[in-house]
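A.B. asks: Before I ask anything, here is the structure I am working with.
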Amino acid sequence: MTSQRTRDRLVRQLEEAGIRDHRVLEVIGSTPRHLFVDEAMSSRAYENTALPIGYGQTISQPYVVARMTEALLEGGPRSRVLEVGTGSGYQAAVLAPLVERVYSVERILGLQRRAREVLSALRIRNVSLKHSDGNWGWPEQGPFDGIVLTAAPREVPEALLAQLAVGGVLVAPVGADGEVQTLMRITRRADAYEREYLEAVSFVPMLPGTSR
């Protein structure tokens, strides 16, 4: 269930669902998603579904990871990308071959440590991790020409918008837990933020503070 044939089947499903960026599809097909879930769930790793990873969190559905990555890359290459919500580390692993540098923050220390181990085992060297409240972003490393949120705030925090470079793109699910959430792409212009509503999604809520 973790064979290349199984991964290829997932890629075909993503193509059929509307993913068009072949760079994204290639990375999804080559990234060992089974390493980012508990061993007991590894047989389901290449299903197009979200899976639990502990701490009340999930690894996102592959389609959603692909869609967010594709939306981030549209309009040009991204060099410095901030990910808010490392989780399992899977989204960071998908971004790593496609951008110059990924900076990823995670509020749950146990998840961050586990993600660091997997990314290190895969020899992914261009991802930097930090245990921190995601609402703050990572201002010391900004500005970023791309920002991805892997949990849903009610509204995108102003601190994150401020860390977006002019011409940069932020992709985030927005909406309250239990309500309809919308995947949104925000592009920063010299004098305004342009907002695009992409599609309905369902994410865990973005919470404040940190935990172990």
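A.B. asks: If you take every DSSP beta bridge fully contained in the chain, what fraction is antiparallel? Give it as a percent rounded to 5.
C.D. replies: On the way: 17 of 37 bridges.
Among the beta bridges of the chain, antiparallel pairing accounts for roughly 45 percent.
A.B. asks: Another one. Could I have the simple spin-label model distance between LEU161 and SER79, label points 7 Å from Cα toward Cβ, reported in nm to one decimal?
C.D. replies: It works out to 2.6 nm between the two label points.
A.B. asks: On to the next question. What net charge is computed for the residues neighbouring GLU70, neighbours being all others with C-beta under 10 Å from the C-beta of GLU70, Lys and Arg scored +1, Asp and Glu -1?
C.D. replies: Details: positive: ARG20, ARG23, ARG67; negative: ASP21, GLU74.
Computed value for this residue: +1.
A.B. asks: Follow-up question, since we're still on this one. Evaluate E = 1/(1 + (r/R0)^6) for SER128 and GLN61, where r is the Cβ-Cβ distance and R0 equals 41 Å; express this FRET efficiency to the nearest 0.05. Could you put the intermediate results ahead of the total?
C.D. replies: On the way: r = 26 Å, r/R0 = 0.62.
Efficiency computed from Cβ-Cβ geometry: 0.95.
A.B. asks: Within 13 Å, Cβ to Cβ, of ALA159, how many net charges do the neighbouring residues add up to if Lys/Arg are +1 and Asp/Glu are -1? Don't skip to the end; give the middle numbers.
C.D. replies: Working: positive: none; negative: ASP133, GLU140, GLU155, GLU158.
With Lys, Arg at +1 and Asp, Glu at -1, the neighbours total -4.
A.B. asks: Compute the Cα gyration tensor for the stretch 36-107, then decide on rounded, prolate or oblate, letting a ≥ b ≥ c be the square roots of its eigenvalues: rounded whenever a/c is under 1.5, prolate when a/b is larger than b/c in the other cases, and oblate in all that remain. Before the final figure, lay out each step's value.
C.D. replies: On the way: a/c = 2.42, a/b = 1.65, b/c = 1.47.
Prolate is the answer for the stretch 36-107, as a/c is 1.5 or above and a/b outweighs b/c.
A.B. asks: So what's the net charge close to VAL127: Lys and Arg +1, Asp and Glu -1, counting the other residues with Cβ under 13 Å from its Cβ? Intermediate results must be reported in sequence, preceding the final value.
C.D. replies: On the way: positive: ARG80, ARG101, ARG116, ARG123, ARG125, LYS130; negative: GLU83, GLU100, GLU106, GLU117.
Neighbour charge sum, excluding VAL127 itself: +2.
A.B. asks: I would also like to ask the following. Rounded, prolate or oblate for the chain? Axes are the square roots of the Cα gyration tensor eigenvalues, ordered a ≥ b ≥ c, and the cut-off for rounded is a/c under 1.5. Don't jump to the answer; show the numbers that get you there.
C.D. replies: Working: a/c = 1.45, a/b = 1.26, b/c = 1.15.
It comes out rounded by the Cα gyration axes.
A.B. asks: Charges on Cβ only, +1 for Lys and Arg, -1 for Asp and Glu, centred on the Cα centroid of the chain; of SER42, LEU164, LEU82, which one is farthest towards the dipole's positive end?
C.D. replies: The residue sitting most towards the positive pole is SER42.
A.B. asks: With 10 Å bins from zero, work out the P(r) of the stretch 104-166 over every alpha carbon pair and list the percent per bin.
C.D. replies: Result returned by the calculation: 19, 49, 28, 4.
A.B. asks: Working from the alpha-carbon coordinates of the stretch 144-200, get Rg over Rh, Rh being the Kirkwood radius.
C.D. replies: Details: Rg = 11.0 Å, Rh = 11.4 Å.
My calculation of the ratio gives 0.96.
A.B. asks: Relative to the longest principal axis of the C-alpha atoms of the chain, give the angle of the C-alpha long axis of helix 4-16, reported between 0 and 90° and rounded to the nearest 10°.
C.D. replies: Relative to the chain, helix 4-16 is tipped by roughly 50 degrees.
A.B. asks: I would also like to ask the following. Within 10 Å, at most 16 other Cβ atoms, and a DSSP state outside H, G, I, E, B define an exposed site. Report the longest part of the chain free of exposed GluC sites (Glu not before Pro).
C.D. replies: 1-73
A.B. asks: Next question. With a cut-off of 8 Å between alpha carbons and a minimum separation of six or more residues, what is the relative contact order of the chain in percent?
C.D. replies: Numbers: 434 pairs, mean separation 33.1, N = 212.
That works out to 16 percent.
A.B. asks: At 222 nm, what value in deg cm²/dmol follows for the chain if DSSP H runs of at least 4 each add -39500 (n - 2.57) and the sum is divided by all its residues, to the nearest 500?
C.D. replies: On the way: 6 runs with 58 residues, N = 212.
The helix contribution divided over the chain gives -8000 deg cm²/dmol.
Read the figures in this text as sums done on the coordinates, not as results from a lab. No experiment lies behind these values; they were computed from the predicted model shown. Reconstructed Cβ throughout: ideal geometry from the backbone, glycine too, with neighbour counts over all protein chains shown.
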